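No value in this document is a laboratory result; all are computed from the given coordinates. Predicted, not measured: the structure shown is a model, and the values here were computed from it. Cβ: placed from backbone, ideal geometry, glycine included. Neighbour counts: every protein chain shown.
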């Protein structure tokens with residue numbers, strides 16, 4: 001009986017966030033859709049400004065659960081960004097929580113609404129959000145030979161011409177790093193060796209295509225590239241293990257996130273693709289060394305932390321709780337009436353179907 005109660009309490013830790021975040025999806029899409037209709041005859045910059053604000057409300061609610069609710073400790077190292085900038089955010093990829101780490105940094109710059117992602121193509125089929133992410137400035141890409149450089153470049157240049165604020169998140173590894181997937185690691189290392197690049201141990205060999213197209217398309221508009229290295233510290237410190245999933249994270253399996261930021265001015269980045277490929281690999285060599293020292297440094301004083309000064313950054317609940325109350329209250333209001341419940345259900349069903357239809361046509 002006691003064991004069952006403990007297990008039930010454990011599962012409830014992620015049940016509440018899951019219900020609220022997924023349950024408010026139709027409300028969010030309805031709010032966005034209404035604004036899209038109202039702004040149809042307005043200049044694009046007005047639509048974009050309000051869309052960024054609506055997106056900020058939802059992502060603030062996400063951070064309420066992934067930061068305030070979990071009580072995770074955020075430790076920042078390196079170049080701590082303070083002001084809004086147009087940037088490309090490059091990070092190592094190891095968990096489904098990685099995209100939330102970008103939000104964690106962006107909200108501390110008051111740039112949360114400007115976050116946009118380069119996403120793998122399969123995510124465009126997500127109910128409701130698959131279509132919306134693209135409308136908010138996300139870019140879906142396919143891997144290897146199927147990568148559509150012209151489409152990505154066209155979309156990014158359109159944003160530049162419109163003056164759209166950009167906090168563009170890219171994970172150059174493409175695939176999540178998992179120390180238990182030996183075949184994936186060996187294949188990545190073999191790829192590096194084949195192209196005459198140093199072999200990496202703690203990250204996968206980065207691919208250049210999306211990063212190069214993004215930088216080349218926006219170089220006149222960008223301020224910098226943020227080179228971000230992330231460690232999810234588990235309760236059991238020591239050897240590197242598989243990073244937590246979203247569910248595990250919400251169950252407080254990760255007490256601390258270490259985030260190292262290196263701000264690279266755009267003028268220090270080579271513009272030619274071959275040179276930039278080497279530059280990107282060198283940045284990942286730096287990540288590799290940072291992670292090696294974090295996990296395996298022979299000096300105990302240097303282990304389980306990044307080099308340099310560390311700042312414990314705590315997010316005020318007042319930056320996130322209002323969004324929970326707003327979206328939660330609107331959703332509750334919808335569900336309290338029969339007409340509202342019908343609209344809610346129809347949004348889930350027909351909104352998802354129309355989104356998939358739109359994605360199919362665009363593809």
Members of the stretch 43-52 that are part of a helix (DSSP H, G or I) and either in contact with a helix residue (DSSP H, G or I) (Cβ under 6 Å, 6 or more places away or on another chain) or more than 21 Å from residue 84 (Cα to Cα) (or both): 44, 50, 52
Residues that are farther than 30 Å from residue 148 by Cα and without any contact (Cβ under 8 Å) to a residue 24 or more places away in the chain: which helices (runs of 4 or more DSSP H) entirely in the stretch 306-363 hold 3 or more of them? 321-335, 338-346
By residue number, the members of the stretch 296-315 that are closer than 20 Å to residue 234 by Cβ and either loosely packed, with under 12 Cβ neighbours inside 10 Å or over 24 Å from the mean Cα position of the chain (by Cα) (or both) are 296, 297, 300, 302, 303, 312
Given the residues 105, 123, 112, which is the only one that is within 26 Å of residue 251 (Cβ to Cβ), under 15 Å from the mean Cα position of the chain (by Cα) and surrounded by fewer than 19 Cβ atoms within 10 Å (Cβ to Cβ)? 123
For the stretch 145-173, which residues satisfy the criterion of being exposed (fewer than 15 other Cβ atoms within 10 Å of the Cβ) and either in contact (Cβ under 8 Å) with a residue 40 or more places away in the chain or touching a strand residue (DSSP E or B) at 6+ places or on another chain (Cβ under 6 Å) (or both)? 149, 157, 162, 163
Among the residues of the stretch 69-76, are any farther than 29 Å from residue 142 by Cα and part of a helix (DSSP H, G or I)? yes
From the list 124, 142, exactly one residue is touching a helix residue (DSSP H, G or I) at 6+ places or on another chain (Cβ under 7 Å), over 23 Å from residue 226 (Cα atoms) and touching a residue at least 24 places away in the same chain (Cβ under 8 Å). Which is it? 124
